[in-house]
Amino acid sequence: MEAAKPGQPAETTFSHVKEGDTGFQSDGLRDFFLYRDLGIAKATGGKVIATLVRANKPPEEGTGWHRHIADFHIVIMLKGWARFMYEDQLTLVEAGDCVHQRPGIVHYLFDYSKDMEYLEVAGPANWTLLLTRPYGVVERFRLASAPDFV
């Protein structure tokens, strides 16, 4: 699919990804998680990405403090639980919970159950992650698994 030109809306298509169509991969943003692409970035021309994220290894250091440069970002916990710090707020996210991470919120996932699995939905698909100290930028990463549709 060709990227949309500036000022033009991206083309979107119908998408139906079945469980066996895409598998969990270990080459995502973090080696202690497994990631399953749901085909939404391609189907929306880069407007949105949806990924299943599953625990792969026990938590050691967690994600570290970071924030996302994204217009929209939610996490829906499907199985298990995870403990986050959202700025100064300790948050336990359990199966069935939905978290809207407002743009730029500094956070840190530091503990999770061995069966943790969540759906992460963000827009645009090529959002950026900034590693931070609690309130200062340390390093910047572009989400590598998402195509750049700009």
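Bear in mind that the values in this text are calculations on the coordinates, not laboratory data. As the structure is a prediction and not an experimental result, all values here were calculated from the model. Heads up, the Cβs are rebuilt from the backbone with ideal geometry, glycines too, and the neighbour counts pull from every protein chain shown.
Suppose R0 equals 35 Å; then what is the FRET efficiency for Q89 and R54 from their Cβ-Cβ distance, rounded to the nearest 0.05?
About 0.90, to the nearest 0.05.
Of the cross-linked pairs K79/K114; K18/K42; K18/K114, which ones have a Cα-Cα span greater than 20 Å in the structure shown?
Listed pairs above 20 Å: K18/K114.
Among residues other than F72 whose Cβ falls under 15 Å from its Cβ, what is the net charge (Lys/Arg +1, Asp/Glu -1)?
Value of the local net charge: +1.
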